[in-house]
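So the structure is just underneath, and the comments pick up after that.
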Amino acid sequence: MDGILLVDKPSGYTSRDIVNIVGKLLNTKKIGHTGTLDPIATGVLVLCIGRATKLVDILVNDDKEYIAEITIGIETDTLDIEGKVIKQVKVNDIDKKQVEAVLTNMIGEYEQEVPIYSAIKVKGKKLYDYARSNEKVTLPKRLVNIKTLELTNIKDNILTIKCQVSKGTYIRSLVRDIGLKLGYPACMSSLRRIRQGIFKIEDCYTMENIKNKEYNILRITEALKNYPIKVVDDKMAKKILNGMKLDKFFDEERILLIDEQNEALAIYERDSNDKSKVKPLKILKTT
């Protein structure tokens with residue numbers, strides 16, 4: 001079994017939980033996901049199965065789109081509503097125009113501080129281990145890109161935002177930073193991923209669907225339909241499956257090569273060291 005299964009992750013489960021459950025249902029251990037969702041979060045979780053696991057480190061780089069709910073006036077240790085409350089303040093009437101101005105100014109790249117409750121490693125140790133043992137640690141920052149950020153609802157001290165962000169963006173941290181710019185502590189009270197790359201929430205299956213075998217697994221070619229595609233003959237296919245560099249035969253940066261049976265062979269890209277050649281980025285089929 002090879003391909004992509006799109007899951008609408010329910011709240012209360014880790015992404016690893018879903019991988020384990022689906023792996024058992026499909027009777028496979030060769031399965032992985034392409035972007036962690038916190039237990040509180042729901043929505044698009046892209047699972048790669050069989051040979052498609054070779055795509056994990058490619059698909060994880062895709063932009064992601066979310067709808068998040070922000071509770072203004074509360075700070076927690078985890079930066080979400082399920083954490084321990086550190087600070088709670090009275091919130092005055094929140095001005096919609098002020099919120100919109102803050103959101104507009106946050107669009108673009110910025111250095112985002114990673115949450116203490118995360119799996120990022122510092123000196124070989126995961127940050128949440130520092131948090132649980134009450135050890136002090138300097139939180140790393142990473143450059144992220146907020147591509148779109150809009151206010152979709154405001155009611156009392158609750159804001160709802162919709163955003164499109166780059167790989168590595170922590171929405172919990174974004175929520176914290178929005179609150180700080182408004183002059184208040186803030187935490188994430190709900191999160192739903194509605195898109196990752198070309199994969200949309202309306203194309204996802206619930207866990208109930210999967211348990212009832214009401215789902216469709218996307219072929220690798222379908223999962224990579226945003227790539228230019230070129231069909232190659234058997235002679236060329238053998239060279240490709242041996243991982244050979246080839247004389248340049250396409251102008252695109254990257255391309256998906258398929259055989260005459262419409263089966264994905266490999267992703268090839270330009271060779272930066274030799275402009276007359278192209279080289280394999282991922283071999284997707286074994287010989």
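The values are calculated or read from the model by the stated rules, or taken from the named source; none is laboratory data. Just so it is clear, the model here is predicted, and its values are computed rather than measured. Note that we place each Cβ from the backbone using ideal geometry, even for glycine, and neighbour counts take in every protein chain shown.
Some points to look at:
- The set of residues in region 33-76 that are part of a loop (DSSP other than H, G, I, E, B) and either touching a Ser or Thr at 6+ places or on another chain (Cβ under 7 Å) or at pLDDT 95 or above (or both) comprises 36, 37, 39, 40, 41, 60, 63, 73.
- Highlighted here are the strands (runs of 3 or more DSSP E) found entirely within region 185-287 that include at least 2 residues which are buried (at least 17 other Cβ atoms within 10 Å of the Cβ): 186-196, 254-258, 264-270, 277-283.
Condition check ((1) surrounded by fewer than 19 Cβ atoms within 10 Å (Cβ to Cβ); (2) within 26 Å of the chain's Cα centre (by Cα); (3) small (Gly, Ala, Ser)) across all residues:
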site: 76; (1), (2), (3): no, yes, no
site: 85; (1), (2), (3): yes, no, no
site: 108; (1), (2), (3): yes, yes, yes
site: 121; (1), (2), (3): yes, yes, no
site: 125; (1), (2), (3): yes, yes, no
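- Hits in region 1-32 (condition: in a loop (DSSP other than H, G, I, E, B), free of Cβ contacts under 8 Å to residues at least 12 places away in the same chain and polar (S, T, N, Q)): 27
- Pair list, Cβ under 8 Å, 6 or more apart: region 68-97 residue on the phi < 0 side of the Ramachandran plot and assigned by TED's automatic domain parsing to the domain that holds residue 130, other residue basic (Lys, Arg) and assigned to a loop (DSSP other than H, G, I, E, B): 76/84; 77/84; 78/84
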